[in-house]
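The values are calculated or read from the model by the stated rules, or taken from the named source; none is laboratory data. Predicted model only: the values in this text are computed from it and were never measured. Here the Cβ positions follow ideal geometry from the backbone for every residue, glycine too, while neighbour counts run over all protein chains shown.
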Amino acid sequence: MSARGLWQTRTMKITFFEVEKWEKDRYRTRLRDVEPVFSHETAQETDLAGLIDSWGICVFIYSQLTSDMLGKFPELKLIATRSTGFDHIDIDYCKKRKICVENVPFYGENTVAEHTFALILALSRNVHKAYCRTIRQGFSLEELQGFDLKRKTLGVIGCGKIGLHVIRIAKGFGMEVLAYDTKREVFLAEVLGYRYVPFEELLGAADVISLHVPYNKKTHHLINKESLKKVKRGAILINTARGGLVETEALVWALDQGIIGGAGLDVLEGEELMLEEGYVLKRDYSKDVLKTFVQNQILLRREDVVITPHNAFNSREATLRILDTTCENIVRFIEGRPQNVIVP
């Protein structure tokens, strides 16, 4: 029996968390068979009274769907995340509860890749440092000399769809490209003109290192103090993937030591604490979490670090693709033909 058949006698309520005003009408238009409820806040910030009978939850990455949170929704059958990554969802719990989890696997590979190069250029030409100086009425060129990307080496860690777009753009700048991935696409490497090397060799040779791997137990703190010791001195580090890939304390140390010449970060470890002023005071956090929060504040004050608020995905075209794919995921689930399934 289809999902529609199972639930045709009850109201199919789906709660959307982290929703902007402009998105609501589009959801209402595309999802006529459900009762939508909208919250601008994350799941953990929202008053859940009146929402626990939801059969579906739709979230972005800042809603932490832990087992405790999901246990508050006894009727839950579907989680639709408006992201490719799903480390904010307790997948094991969903498997036990037989809650279907769907994601948006493709929405803006070129979008994130373009943002990656926006961060690279901001650092290679000292755009950020120059801006900080000029708004203070300082027009000296001292310490603002940048470097050409042409003939520099880009190290791409993770050669999925986003990583490949980054490589294509890099070749347009005349860069040499080294790549590290657990799965090697030899034909693509030959066509696009890049070369696979071991992880440590990439760290030691790259002038710019860019991260494009998913976050999981194996990639947690992939960039740490030991790996940073192997980095070519003065290299730039770019992270548009997930904050947990980089050990924040180690990054601050590497910047202080001059090992890393600059960092472009669209994501931060523990970035959920940065969302709202005073948010860190609303709950009891561990010493390590609070330490990371303070270290992020240090990074924010540095002129050799460019930080954007997890904004790499956020083009008009990409956000519409995310919204439309999410709607299609929900409709297909109701029809009993689920797609983009992480947990069946």
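Condition check ((1) within 19 Å of the chain's Cα centre (by Cα); (2) on the phi < 0 side of the Ramachandran plot; (3) assigned by TED's automatic domain parsing to the domain that holds Ile120) across all residues:
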| site | (1), (2), (3) |
| --- | --- |
| His165 | yes, yes, yes |
| Lys171 | no, yes, yes |
| Met175 | no, yes, yes |
| Lys183 | no, yes, yes |
| Tyr194 | no, yes, yes |
| Ala205 | no, yes, yes |
| Pro214 | yes, yes, yes |
| His221 | yes, no, yes |
| Leu237 | yes, yes, yes |
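Can you tell me how many residues within the stretch 98-143 are among the aliphatic types (A, V, I, L, M) and exposed (fewer than 13 other Cβ atoms within 10 Å of the Cβ)?
The qualifying residues number 2.
When Met175 is tested against (1) in contact with a His (Cβ under 6 Å, 6 or more places away or on another chain); (2) over 16 Å from Gly158 (Cα atoms); (3) hydrophobic (A, V, I, L, M, F, W, C), exactly one condition is not met: (1). Applying the condition of being of a type in the set (Ser, Thr, Tyr) and in contact (Cβ under 8 Å) with a residue 40 or more places away in the chain to the stretch 210-263 and asking which residue is farthest from Val166 (Cα to Cα) yields Thr248. The set of residues from the stretch 25-62 being within 17 Å of Thr319 (Cα to Cα) and of a type in the set (Phe, Trp, Tyr) comprises Tyr27, Phe60, Tyr62.
Those strands (runs of 3 or more DSSP E) of the stretch 45-163 in which at least 1 residues are in contact (Cβ under 8 Å) with a residue 12 or more places away in the chain and of a type in the set (S, T, N, Q), considering only elements entirely within it, cover 78-81, 153-157.
Of the residues making up the stretch 309-341, just one is among the β-branched types (Val, Ile, Thr) and either farther than 20 Å from Lys24 by Cβ or assigned to a loop (DSSP other than H, G, I, E, B) (or both), namely Val341.
When residues in the stretch 40-56 are screened for being more than 21 Å from the chain's Cα centre (by Cα) and crowded, with 16+ Cβ neighbours inside 10 Å, 5 of them pass. Restricting attention to the stretch 152-168, the residues that are under 19 Å from Gly262 (Cβ atoms) and not small (Gly, Ala, Ser) total 6.
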